[in-house]
Amino acid sequence: MTQDRLTQMVISIMLLAGYDVSERCNIRPRSFDLIAKKGDTLVIIKVASHIDGVSAEIARDLNLIARYLQATPLIVGERARDTDLERGVVYIRYGLFALNPETLYDYFAEGLSPMVYASPGGLYVKIKGDLLREVREHSRMSLGDLASHLGVSRRTISKYESGMGTTLDIAIKLEELFSAQLVETIELVGYRSPEPEAPPESAAGDVLVDLERMGMEIHAMRQAPFQALALFDKHTILTAYGTSQKVIKRASLIGNISQITKTFAMCVVTDYKKKKKIGKTLLIGEEHLRTLEDGSELIDMINE
């Protein structure tokens, strides 16, 4: 399936599930392709036919954006290495969940959570450790008894009861033995990947320095349609900067994303001296930005 067709399929799935979906991000480089929102649930999606094509830098940006927008980051693709992604299986790419469009459909449109995750060595599930301990003790089986029945060590059983994952084969045996649903589902929404590593030093120059001077917390991006997230007094500003030729084509897309995410959008133009709006996006000249003393002035200007 082509990248374009795969992206369109993802859009259709999220619309069918009742989500508002942003415009496609066609600006390169890009750490995500779509943002979808339903109620308080915000999902940022990177579409990649081959998930191995998602680099560490893209994953870092995607993770960082999701964290500051309180969103769920997902990668949707079809293949990993030389194999197809399986339906109902969650894969991990740099700490982020990756899945195929069928699994995406099952979860968001049908409400069916995946249970299986891929890890080096095969497919695994996570056992409800407390429930396993409860049914084992109720059946008056010791750790040794259960270990002997499964052909594993007592320590392994103890780890299962502490939440360690196991193979599908072992999970099926446990559920059949105790007639209980012991496999834990994988909730995609609300998942938080490990804290991203500190980004490399930004070469943004005066624009981000000015925003910091105004009391804003700045997080530089490398692979997003906006070059920075500017945080001020519970507000988030999606920020792009550069010459008018470069930023104007970003202005509409950033404005659309800001509507979906309930944030602000701004383009700082290095060869422009005034200010104006393109849709929801503020275009402000770099010289004009320097005249502002506080982030609240900028927020008021965007709200005008």
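Do the alpha carbons of any pairs in K37/K126; K46/K262; K37/K262; K246/K273; K38/K280; K249/K275 sit beyond 18 Å of each other, and which pairs?
Working: K37/K126 28 Å; K46/K262 20 Å; K37/K262 10 Å; K246/K273 16 Å; K38/K280 20 Å; K249/K275 16 Å.
From K37/K126; K46/K262; K37/K262; K246/K273; K38/K280; K249/K275, over 18 Å: K37/K126; K46/K262; K38/K280.
So which trypsin sites (Lys or Arg not before Pro) in segment 220-284 are both in a DSSP loop and have at most 14 other Cβ atoms within 10 Å of their Cβ?
In loop regions of segment 220-284 (DSSP not H, G, I, E or B), the sparsely surrounded trypsin sites (Lys or Arg not before Pro) are K234, K262, K273, K274.
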Trypsin sites (Lys or Arg not before Pro) restricted to DSSP loop in segment 57-139 with at most 13 other C-beta within 10 Å: R81
Within a Gaussian network of the chain (alpha carbon springs, distance under 10 Å), most fluctuating of S153, S22, S49: S153
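Just from its helices, what would the mean residue ellipticity at 222 nm be for the chain, if runs of 4 or more DSSP H residues each count -39500 (n - 2.57) and the sum is divided by every residue, rounded to the nearest 500 deg cm²/dmol?
Using -39500 (n - 2.57) per qualifying helix, the result is -11000 deg cm²/dmol.
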Of all DSSP beta bridges in segment 2-104, antiparallel share, percent nearest 5: 55
Bins of 5 Å, starting at 0 and running to the largest distance - Cα pair percent for segment 150-304: 2, 8, 15, 17, 13, 7, 4, 4, 5, 6, 7, 6, 4, 2, 0
15 Å beta-carbon shell around S142, net charge (K/R +1, D/E -1): +1
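Tell me the chymotrypsin sites (Phe, Trp or Tyr not before Pro) within segment 78-152 that lie in a loop according to DSSP and have at most 15 other beta-carbon atoms within 10 Å.
On the way: sites: Y91, Y94, F97, Y105, Y107, F108, Y117, Y124; in loops: Y94.
Of the chymotrypsin sites (Phe, Trp or Tyr not before Pro), not one in the loops of segment 78-152 has a Cβ with at most 15 other Cβ atoms within 10 Å.
If segment 33-93 were replaced by its equivalent ellipsoid, with semi-axes equal to the square roots of 5 times the Cα gyration tensor eigenvalues, what would those be, largest first, whole Å?
Over the Cα atoms of segment 33-93, the ellipsoid semi-axes are 22, 14, 9 Å.
What are the semi-axes of the equivalent ellipsoid for segment 73-228, taken as the square roots of 5 times the Cα gyration tensor eigenvalues, largest first, in whole Å? If you can, show how the numbers build up before the last one.
On the way: eigenvalues 354, 73, 39 Å².
They are 42, 19, 14 Å, listed from largest to smallest.
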Fluctuation leader among T261, T236, T83 - the chain, Gaussian network, Cα springs under 10 angstrom: T83
Antiparallel bridge percentage (DSSP; both residues within the chain; nearest 5): 60
Rounded to 5, the percent of DSSP beta bridges in segment 19-75 classed as antiparallel: 65
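Find the percent of Cα-Cα distances in segment 239-304 that exceed 19 Å, and round it to a whole number. Don't skip to the answer; put the middle values down first.
On the way: 505 of 2145 pairs.
That tail contains 24 percent of the Cα-Cα pairs.
State the dimensionless ratio Rg/Rh of the chain (Rg: radius of gyration of Cα atoms; Rh: Kirkwood radius). Walk me through the intermediate numbers first.
On the way: Rg = 23.4 Å, Rh = 21.5 Å.
Ratio of gyration radius to Kirkwood radius for the chain: 1.09.
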Using alpha carbons only: equivalent-ellipsoid semi-axes of segment 19-158, gyration tensor based, whole Å: 36, 17, 14
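Every number in this text was worked out from the coordinates using simple rules, so none of it is lab data. Predicted, not measured: the structure shown is a model, and the values here were computed from it. FYI the Cβ positions are ideal-geometry reconstructions off the backbone, even for glycines, and counts take in every protein chain you see.
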